[in-house]
Amino acid sequence: MKRQPIIAILVTLMALGLGAIGQATPSATIVIKNARIVPITAPDIERGTVVIRNGRIAAVGAHVSIPGRARIIDARGLAVYPGMIDSGTRLGLVEIGAVRATIDTTELGEFNPHMRAIIAIHPESELIPVARVNGITTVVSKPSGGIFSGQAALINLDGWTWEEMELKAPVGIVFNYPSIRSGRFFDFSTFQFKERSYQKAKKERDEKLKKIRKLLDDARAYAKAKEARATDPSLPPLKTDHVLEALIPVIRGEWPFIVEANLERDIKSAIAFAEEQNVRIVLSGGADAWKVASLLKEKNIPVILGPILRLPQREDEPYDQPFTTAKTLYEAGVLFAFQTNDAANVRNLPYHAAMCVAYGLPREEALKALTINPAKIWGVADMVGSIEVGKLANIVVWDGDPLEIRSQVKYLFIKGRQIPLTTKHTELYERYRNRPE
Amino acid sequence: MAMKTLHRLGTIVVGLMLVSLAQAEGRSSGQTILIRNATIMTVTKGTIKNGSILIRDGKIAAVGKRVRAPADAQVIDATGKYVIPGIIDCHSHIAVDGGVNEGSLAVTAMVRIEDVLDPTDINIYRDLAGGVTTANILHGSANPIGGQNAVIKLRWGKTAKEMLFEGAPPGIKFALGENPKRSNFSPPPGTPRRFPATRMGVEYVIREALTEAREYMRKWDAYRQKVAARNGDRNDLIPPKRDLKLEALAEVLRGERLVHAHCYRADEILMLIRLAEEFGFQIATFQHVLEGYKVAKEIAAHGAGASTFSDWWAYKVEAYDAIPYNAAIMTRKGVVVSLNSDSAELARRLNLEAAKAIKYGGLTEDEALALVTINPAKQLHIDDRVGSIEVGKDADLVIFSGHPFSVYSIVEKVFIDGQIYFDREADLARRAEIEKEKETLKEQLKSKEKPKKKTEEPSEKPTGR
């Protein structure tokens, strides 16, 4: 009797069956049908199907043939959107803001272009599930502090390790453009208020720019020295300078500086500096971007705008200035994306965008600034940012408009894996709502 | 410095323009106004579609589907709009000149926010533009027992005194946890650490202060008894020494001063409940109370209100277990819950924060709206005056362009006591004028300055708020 092959066949069939019915593995095929689909880069599909296979979007359309063995989700009444992208966070780098041991954004010293955020991402951060269950599947996690803070990382919010989470790292080097800070400030060393004149503040800023120029010149010289040694081994060996090494790709135009600047004078100065140094920049923060929108367009500088939910920079600015800036940029033709610049509150990213819509930005543009725009800015538009065949299956199924607060995520997929919607918050909710009377 | 002066002038110009707006657009409290054909969310009496509100003498004179208005009434057509009661922010630090913390002592019940109210704080206007009409301005959380609060209406353009909410019962700030024990920062160089340094010490400080207050009360009661026994003749009687700090705490013990207690952890919430019960008074509100959901049963049994955030968490260790379902769980267990801002920025969108209680925990629309209207009114004991759209209450109203829980809706008009204090149309119309005035002032300042070497164009100073 040929029992063994029969058992083998039965076991194989069972395994395949389990694979199709149970928790989706990245190699499983998932079909989301009867849903409204918002691809972003194509017109909305009132009732259609998305097929996910091997972690990618295999098909999307009104009439899609459904493959044989697949897990089917009937998404009638629901809407399918690409996962949102937060282009500026500290997710995975900060756990509790007041606890230094949990903060990995800010290394000591002024010039840290060689610090790599990607390897410091804590995959088990409780903040990560909280963010993704509101539809944010991908974020830029960036260092801060000093002048060159380090290398920012673009990550998907799912993975056993940072390696599995990594989508692209680095996406740029964070550059805290030295600001001319004049006026009254609080001096912690003497615990007093002090006054700094514009002239003095500008002088301090110019000193810093001098140092930065020298560093970039050194990096150019270092690059040359490296090239020379590649062709002429007789030259004495070059000691590795990690700081200068990290700046070479910026000098070559491979990586941008992510310039953190909010004041008009700093933004203008940064743009001029970038031109002078022939480096590519992405403007981050950009609170005064509305004042220099045409300049940003002229120089083709993308803007990572946010946080939107903040107070105006100046006492006498219109009360809605932070909310109308996005509209101004859109009308000027500037490419922009949104950021929360946060960690614990990344889940509120859609509401930053929504506030701009309330104050004049077309809703479609807000959605783009949450999806395809950041994908373009960070150079990953072939991987994420829309529901298109071939892209990663970062897919979110909503029961309503993602920009509206009352909408809920019903299904969440990152790289084709269905992510459970449980978080620390839902667990505590379940536990304590059931505390006995 | 010239730029600072320009800045001041600019602010004064704005302030003046906004004051004149308040006076020109707002009417005297005698003006009769009819807001017609809106969706009126009364909070306590349901929602009226295509309804109208008649305002007279600063009060709500009539609400309903059919409201007759006198011929001389100013009519505001609110077709397609939504009207809600003015939002009440139960935890705010706007309009305070200087710091909100007299942090030098662990018990500062004698200091008063009312003494340092700053009616020129631009955040009053910004929060008004978000629909806030009443705010509970609190002392900070540096001390286990802080200072006295001030409940104000955001009457932009008026004096500090005129902003005070007439008749609002007095309150005081208590604070538990990391802030009063100062575990998140080091003292300035050369300064010793201040007691308490633990949650144990926090309880002790409050216990000790309340004990002193009780003894103070007894001394004064004994003195008054003696005076009464002599039919008011007090010639040879020496009264006890007056102590403003202990007087405020005696008011707490007598139930005359509302305690608003900043707290996070379940254990400290329970601690204060038991301590208050021991001393025979009730905590009016627990503030922040982010772990309130864990001891909702005890909070409800004690009868305290809870004023919390919608979804902030993880900024401190004691906020790590905070969940956005807090408001919903506590509401379901019978606690009167409000959502507050503790932030001039968040106060601009408390309507949206209220919507989050629907998303996280499934409160109904009325329950959610109550979190920022009638509930904080109840917590502050001013619900006879504000917090819902009912005949006889103050005409504190907000007109939204759409449903207040929709992210796409914005505030169009805000009434306080029947006067318009914020009008978006008027605000927009004034902007060009204000810009021109600012340019004129800049030119004037430049022509007065000594000719300087031409450097980069200096613009406005960063406020870094």
- request: Any chance you could give the angle, 0 to 90 degrees and rounded to 10, that helix A:424-433 forms with the longest Cα principal axis of chain A?
  value: 60 degrees
field: DSSP bridge orientation in the protein assembly as shown - percent antiparallel, rounded to nearest 5
entry: 55 percent
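Need one value for B:340-348: mean number of C-beta atoms belonging to other chains within 10 Å of its residues' C-beta atoms. Show your work: numbers first, answer last.
Numbers: counts 0, 0, 0, 1, 1, 6, 1, 0, 8.
So the per-residue partner count for this stretch is 2.
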- request: Given the options A:Leu215, A:Leu335, A:Leu157, state which has the largest fluctuation in a GNM of chain A using a 10 Å cut-off (strictly under) for Cα springs.
  value: A:Leu215
Farthest positive-ward along segment B:87-386 dipole, Cα basis, beta-carbon charges - from B:Cys90, B:Gln287, B:Gly146: B:Gly146
- line: Which of A:Lys211/A:Lys239; A:Lys211/A:Lys299; A:Lys194/B:Lys161 exceed 23 Å between C-alpha atoms? The answer is A:Lys211/A:Lys299; A:Lys194/B:Lys161
query: For the protein assembly as shown, what value does the Rg/Rh ratio take when both radii are computed over Cα atoms and Rh is the Kirkwood radius, given to two decimals?
result: 1.00
message: With +1 assigned to the C-beta of every Lys and Arg and -1 to the C-beta of every Asp and Glu, and no other charges, what is the dipole magnitude of the protein assembly as shown about the Cα centre in debye, to the nearest 20?
response: 760 debye
- prompt: Put +1 on the Cβ of each Lys and Arg and -1 on the Cβ of each Asp and Glu in chain A; which of A:His63, A:Val397, A:Ala332 then has its Cα farthest toward the positive end of the dipole?
  reply: A:His63
Beta bridges by DSSP in segment B:298-438, antiparallel share as percent, to the nearest 5: 75 percent
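Let me check I've understood the local charge: for A:Ile419, count other residues with C-beta under 11 angstrom from its C-beta, Lys and Arg +1, Asp and Glu -1. What total comes out?
Cβ neighbours under 11 Å give a net charge of +2.
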- prompt: Using Cα atoms only, what is the angle between the long axis of helix A:3-21 and the major principal axis of chain A, expressed in degrees (0 to 90) to the nearest 10?
  reply: 50 degrees
message: Please enumerate, by chain and number, the lysines with C-alpha under 21 Å from the C-alpha of B:Lys226, excluding those fewer than 8 residues away in the same chain.
response: B:Lys241
query: So what J values fall out for segment B:201-216 if you push phi through Karplus, 6.51 cos²θ - 1.76 cosθ + 1.60 with θ = phi - 60°, rounded to Hz, Gly and Pro as x?
result: x, 4, 4, 4, 4, 5, 4, 4, 5, 5, 5, 4, 5, 5, 5, 4
statement: Neighbours of B:Pro239 by Cβ distance under 14 Å: Lys/Arg at +1, Asp/Glu at -1, summed charge +3
- request: Tell me the label-point distance for the pair A:Asp232, B:Asp115, using the 7 Å Cα-to-Cβ offset, in nm and rounded to one decimal.
  value: 7.8 nm
query: So how strong a dipole does chain B carry about its Cα centre when Lys and Arg Cβ are +1 and Asp and Glu Cβ are -1, to the nearest 20 debye?
result: 420 debye
- prompt: So which aspartates and glutamates can B:Lys378 reach, going by Cα to Cα under 13 Å and dropping same-chain residues fewer than 8 places off?
  reply: B:Asp89
message: Please list, ordered by chain and number, the residues whose modelled amide H lies under 5 Å from the amide H of A:Gln418; skip anything fewer than 5 residues away on the same chain.
response: A:Ala24
query: Could you give the nm distance between label points at A:Gln277 and B:Asn231, where each point is 7 Å from its Cα heading toward the beta carbon?
result: 9.2 nm
field: lysines with Cα under 19 Å of B:Lys181, excluding same-chain neighbours fewer than 8 positions away
entry: B:Lys173, B:Lys316
- prompt: So, in Å, what gap is there between the alpha-carbon centers of segment B:368-404 and segment A:105-144?
  reply: 42 Å
field: Unit charges at the beta carbon, dipole of the protein assembly as shown: most positive-side option, A:Gly183, B:Gly80, A:Ala42
entry: A:Ala42
message: Could you tell me the relative contact order of chain B? Use alpha-carbon pairs under 8 Å, at least six residues apart, and round to a whole percent.
response: 20 percent
- prompt: Does segment B:141-238 come out rounded, prolate or oblate, given a ≥ b ≥ c as the square roots of the eigenvalues of its C-alpha gyration tensor, rounded meaning a/c under 1.5 and, failing that, prolate meaning a/b above b/c?
  reply: oblate
query: Could you give the distance between the Cα centres of segment A:168-221 and segment A:302-370, to the whole Å?
result: 26 Å
- prompt: Among residues other than B:Arg66 whose Cβ falls under 15 Å from its Cβ, what is the net charge (Lys/Arg +1, Asp/Glu -1)?
  reply: +4
message: Can you say what percent of the DSSP beta bridges in segment B:87-386, counting only those with both residues inside, are antiparallel? Round to 5.
response: 30 percent
statement: Among A:Leu209, A:Leu247, A:Leu412, the residue with the largest mean-square fluctuation in a Gaussian network model of chain A built from Cα contacts under 10 Å is A:Leu209
- request: Specify the residue with the greatest mean-square fluctuation among A:Tyr81, A:Tyr351, A:Tyr198, computed from a Gaussian network of chain A linking alpha-carbon atoms under 10 Å apart.
  value: A:Tyr198
- line: GluC sites (Glu not before Pro) in segment B:180-267 lying in a DSSP loop, each with at most 14 other Cβ atoms within 10 Å of its Cβ, come to B:Glu256
task: Could you please state, rounded to a whole Å, how far the C-alpha centre of segment A:236-297 is from the C-alpha centre of segment B:241-317?
output: 50 Å
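We did not get these values from a lab; they are worked out from the coordinates using the rules stated. Small disclaimer: the values here were computed from a predicted structure and weren't measured. Note: ideal-geometry Cβ built from the backbone for every residue, glycine included; neighbour counts use all protein chains shown.
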